[in-house]
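The structure under discussion appears below in the form of structure tokens.
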Amino acid sequence: RRSTSEESGEKQQQQKKKEEYKLEDQFKVKEVVVLNEPAVEGLPSVESMVSGFKAKKVQLADKKCLKEDIDRIMQTGLFENVNVRVVPVGPNQARVTYELQERQLSPVYSVTVAGTTILPDEIVENISKRFREVPALTPALLGWARNKIDG
């Protein structure tokens with residue numbers, strides 16, 4: 001077991017390290033992390049969203065860049081909220097984390113597929129069953145259903 005003075009010394013070193021890693025108004029992006037991404041074919045991938053971000057790995061970023069990235073994500077209509085965390089990881093370097101909260105739509109009580117194509121009953125039942133299993137409809141679930149219908 002470590003002594004209290006050793007633990008205190010470690011805490012002081014960690015605090016000192018944090019103080020060393022202050023960020024200026026513009027900072028270098030060391031890493032970009034996206035949490036809670038919907039992974040459904042037919043919806044924008046995180047790679048495509050990140051490729052359009054202003055705050056890119058190995059580039060300089062600032063508050064304006066982060067706000068533009070949030071606006072870009074929100075314009076997809078897929079998300080209710082986006083939180084951004086900027087954590088210093090080195091001298092004027094940061095990890096930027098975008099935490100996505102998927103948009104919740106109204107519950108689905110029935111599914112009707114209209115059109116000129118006749119779908120097999122098993123596809124309609126599969127979609128209906130999946131919609132009944134979830135507490136709320138999301139854009140990702142709609143994308144999944146569209147992919148099932150399109151084949």
Problem - Sequence of 122, 133 from largest to smallest accessible area, 1.4 Å probe - result: 122, 133
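Take 129, 63, 22, 148 and sort them by solvent-accessible surface of the protein heavy atoms, 1.4 Å probe, largest at the top.
Numbers: 129 110, 63 170, 22 135, 148 80 Å².
Heavy-atom accessible area, descending, gives 63, 22, 129, 148.
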Fill in the blank from the handout: With 0.36 nm assigned to each residue of separation and the Cα-Cα distance removed, residue 25 to residue 148 gains 39.6 nm
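Here is the link list: 57/148; 22/56; 54/148; 56/148. Which ones come out longer than 26 Å on Cα distance?
Numbers: 57/148 35 Å; 22/56 19 Å; 54/148 34 Å; 56/148 34 Å.
Correct reply: 57/148; 54/148; 56/148.
Can you give the FRET efficiency to the nearest 0.05 for residue 97 and residue 124, using r as the Cβ-Cβ distance and R₀ = 35 Å?
Details: r = 40 Å, r/R0 = 1.14.
The value I calculate is 0.30.
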Handout entry: From phi via Karplus (6.51, -1.76, 1.60), per-residue ³J(HN,Hα) for the range 29-34 in Hz, x at Gly/Pro
Key = 7, 7, 7, 10, 10, 10
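The values are calculated or read from the model by the stated rules, or taken from the named source; none is laboratory data. Everything quoted here is computed from the prediction, not taken from an experiment. Every residue, glycine as well, gets a Cβ built from its backbone with ideal geometry; the counts of neighbours run over all protein chains shown. SASA here: full protein model, heavy atoms, side chains in, ligands and nucleic acids out. Shrake-Rupley method; radii C 1.70, N 1.55, O 1.52, S 1.80 Å.
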